[in-house]
Amino acid sequence: MSFVGIVANDRDFKNIRKTFEKKDISKSISIVEINENNIENMRNIVFETIIFCRELKHSKKQSIYLDEIIKKSSYLVINSDFNSHTIPSFNKECTIITFGLNQKATVTVSSISENGFVISLQHNIKKSNNDIQEMEEKCIKTKNPTNFKLYKILVEYIIKIIYSKK
C-alpha cells in the first residue's frame, strides 16, 4: 500500500478522502492528512506522494521534519497558484507535478463555464507502475464549478493518474 500525504485544510482533505473511499484505487493507497499539528508524527512514514494544496505554516523544527518527509517521496504535487510554497529539498528522482489555474502548471484548468471545465495535462507523467501518462485534455461536467471544486477535482485527477493501473 502506498501512502499519500495531503497538506490541505480539513474540509478539503475530508472531501478528497471521502471521494477515494468509494473508488477501487482506495485499495492500493492510504490518504493521510499532514498539518501543523501532526507533522512531527508523520516523519517516520514513507509517503510515496506528498500533495500541497495549501501552504504549511511550520516552525524551523517542523521544517526539518518536513524536509525528512519530502526527501523520501517519489512524487511532490504542488498547487502552483500559491507562490509562497517553500519546499526545503527533495530527492533527485522525485517527480514534481504542479496544478492549478496557472497555465504553466503540469495539470491546469481551462474553458470554465457554468456546465463544467477542461482539465489539461500539459506534460507526460511517469506513473507509479512506470507507465507513462501522456498529455491529454479531459472534459469535466459539473454545475457551477467553484475554485474549491476545481482544486479538489485536480487533486483527484492527479492521484488517479499516478496510481491507476491502466
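So the values come out like this:
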quantity: Residue match in the range 118-140 (condition: at pLDDT below 90 and out of contact with any helix residue (DSSP H, G or I) (no Cβ under 9 Å at 6 or more places or on another chain)); calculated: no
quantity: Residue in the range 148-163 that is in a strand (DSSP E or B), in contact (Cβ under 8 Å) with a residue 40 or more places away in the chain and in contact with a Cys (Cβ under 8 Å, 6 or more places away or on another chain) present; calculated: no
quantity: Complete set of residues in the range 130-163 that are in contact with a strand residue (DSSP E or B) (Cβ under 7 Å, 6 or more places away or on another chain) and basic (Lys, Arg); calculated: Lys138, Lys141
quantity: Test result for Ser89, of a type in the set (Gly, Ala, Ser), assigned to a loop (DSSP other than H, G, I, E, B) and either at pLDDT 90 or above or surrounded by fewer than 20 Cβ atoms within 10 Å (Cβ to Cβ) (or both); calculated: yes
quantity: Test result for Asn79, polar (S, T, N, Q), at pLDDT below 95 and in contact with a Gly (Cβ under 8 Å, 6 or more places away or on another chain); calculated: yes
quantity: Checking Gln62 against (1) surrounded by 14 or more Cβ atoms within 10 Å (Cβ to Cβ); (2) within 20 Å of Ile96 (Cβ to Cβ), the condition it does not meet; calculated: (2)
quantity: Matching residues in the range 1-35 - criterion: being touching a strand residue (DSSP E or B) at 6+ places or on another chain (Cβ under 8 Å), in a helix (DSSP H, G or I) and either of a type in the set (Ser, Thr, Tyr) or surrounded by fewer than 17 Cβ atoms within 10 Å (Cβ to Cβ) (or both); calculated: Asp10
quantity: Selection count, the range 57-80, where residues are in contact (Cβ under 8 Å) with a residue 40 or more places away in the chain and of a type outside the set (S, T, N, Q); calculated: 3
quantity: Test: residue in the range 48-63 that is modelled with pLDDT of 85 or more and more than 13 Å from the chain's Cα centre (by Cα); calculated: no
quantity: Single residue of Lys152, Lys160, Lys127, Lys165 found to be surrounded by 12 or more Cβ atoms within 10 Å (Cβ to Cβ), more than 20 Å from Asp12 (Cα to Cα) and charged (D, E, K, R); calculated: Lys127
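The values are calculated or read from the model by the stated rules, or taken from the named source; none is laboratory data. Bear in mind that the values here come from a model prediction, so they are computed numbers and not experimental data. In this analysis, Cβ positions are derived from the backbone assuming ideal geometry, glycine residues included, and neighbour counts consider all displayed protein chains.
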